[in-house]
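Contents: one structure, followed by commentary.
No lab work stands behind these numbers, since they all come straight from the coordinates. No experiment lies behind these values; they were computed from the predicted model shown. Every residue, glycine among them, receives a Cβ derived from its backbone with ideal geometry; neighbour counts consider all protein chains shown.
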Amino acid sequence: MRRMQTAWMGLLNILRASFKLNIMRASWIYLFAGLGVLTASFAGSAPKPRQEADAKTLIQGQCAKCHSGEKPAGGVDLSGDLASIAGLRDVVRGRPQASSLYKVVRDREMPKGGPKLSDDDLTTLRDWIMSLRPDPTALFKARCISCHSGASPAAALDLSGDLKALGKLPQAKFGDEGAATAVLYKRLADGSMPKGGTKLTDDELSSVRDWLNSLQPDPRALFTAKCVKCHGATNPAAGLDLTGDLTALAGLKQVVKGKPAGSSLYLRIADRSMPKGGPPLSDSDAGLVWDWIHSLAPPKEAGGLSQ
Ligand code: HEC
Ligand code: HEC
Ligand code: HEC
């Protein structure tokens with residue numbers, strides 16, 4: 001019993017230490033992604049050129065020799081440019097842990113027959129996938145535009161536009177509880193769309209939610225699902241009430257506007273001490289909290305990043 005406990009503690013500490021390293025890296029990615037959003041003022045900004053160059057060199061050098069030609073290994077063609085690789089179903093934009101392209105390398109199944117990739121290479125691949133902003137256009141093209149395009153699209157909803165046009169649809173607007181309340185998300189989550197077709201997979205559903213969240217980061221649905229059972233309105237843990245509207249949340253003392261790395265609300269998620277006792281949040285959920293805090297304009301006198 002005692003022994004098992006120590007073994008568990010050891011494992012936990014290792015996990016925690018390695019996660020902290022990853023989070024430090026991740027913070028930078030979110031910082032770059034966030035800065036991109038600030039300057040582009042619209043999600044869908046390109047990843048850092050350096051990161052792209054590294055990922056491209058890596059894939060060309062280590063993978064393309066088997067994954068190219070008429071019959072690429074496993075039916076996965078990795079010989080094209082990064083944009084085409086990002087469009088493969090082996091890549092879930094912004095979510096390396098859900099991307100088989102990352103998982104097979106992480107689990108040392110690829111490159112087939114070795115030599116195994118270094119930790120740095122693994123990080124390069126992870127960071128590149130993480131830097132890809134969510135983009136539902138390919139999904140909509142494949143599953144929706146047969147009805148939702150043309151001269152008279154179903155429900156007058158045209159889903160064939162580019163990211164900018166999609167972001168302006170009234171159906172992409174949030175209700176009171178964040179992205180999960182946008183009509184465009186609700187009709188997918190309740191399975192009523194695609195009409196008559198198979199339901200979207202969980203990953204596809206998350207990609208739509210991540211995209212909606214990237215339009216205007218809103219963590220309320222996440223807090224409701226993962227935090228308010230302890231941080232509710234009455235007698236909240238640590239006096240921290242996470243049920244408020246966006247203005248109330250932005251005013252919490254655990255939030256430093258514009259500075260996720262200085263906000264305990266983000267840091268307690270990043271070091272995995274919250275949700276207490278629960279499974280840690282996914283990369284994309286942690287990223288959402290980062291994006292939201294980062295999107296809050298810091299007070300004027302702080303200067304700097306206030307646009
Ligand atoms: C020596 C040849 C070879 C190299 C190099 C190689 N692969 Fe593969 N890969 C294969 C083969 C063969 C398959 C088919 C499945 C299998 O046999 O495991 C495959 C399958 C895959 C799949 C599909 C797996 C699945 O379960 O859907 C992915 C993704 C993949 N490789 C990624 C990569 C990446 C990323 C690299 C470079 C880091 C890489 N491969 C390097 C031979 C290779
Ligand atoms: C086979 C045709 C068809 C396909 C495919 C289809 N839809 Fe629809 N969709 C409709 C029709 C017809 C309506 C209007 C009737 C209704 O609301 O059920 C509709 C309504 C909607 C609405 C409600 C619009 C509003 O303003 O109330 C949304 C949102 C929607 N679809 C999203 C999607 C998405 C996203 C996909 C792809 C993942 C999709 N649909 C695929 C036929 C389709
Ligand atoms: C199972 C109950 C539980 C859940 C779920 C939970 N917390 Fe907590 N939280 C606590 C308790 C108890 C404390 C006080 C003890 C501590 O700081 O560890 C706390 C403290 C905190 C603090 C420190 C507040 C301060 O000023 O000292 C933050 C920030 C926080 N939680 C954020 C979150 C977030 C964000 C979530 C959801 C992603 C979450 N918590 C989910 C129980 C919970």
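Structure data summary
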{"item": "Listed peptides 133-144, 159-170, 100-111 by packing density, highest first (mean Cβ within 10 Å)", "result": "133-144, 100-111, 159-170"}
{"item": "Karplus (6.51, -1.76, 1.60) ³J(HN,Hα), θ = phi - 60°, over the stretch 107-118, in Hz, Gly and Pro reported as x", "result": "7, 6, 7, 10, x, 4, x, x, x, 6, 6, 6"}
{"item": "³J(HN,Hα) computed for each position of the stretch 249-263 - Karplus, 6.51 cos²θ - 1.76 cosθ + 1.60, integer Hz, glycine/proline x", "result": "4, 5, x, 4, 6, 7, 10, 9, 3, x, 10, x, 5, x, 10"}
{"item": "Semi-axis lengths (Å, descending) of the ellipsoid that matches the C-alpha gyration tensor of the stretch 137-302", "result": "33, 18, 13"}
{"item": "Largest-first principal axis extents, alpha carbons of the stretch 68-211, Å", "result": "53, 37, 26"}
{"item": "Unsatisfied cross-links (Cα-Cα over 31 Å) in the set Lys164/Lys253; Lys186/Lys276; Lys164/Lys195", "result": "Lys164/Lys253"}
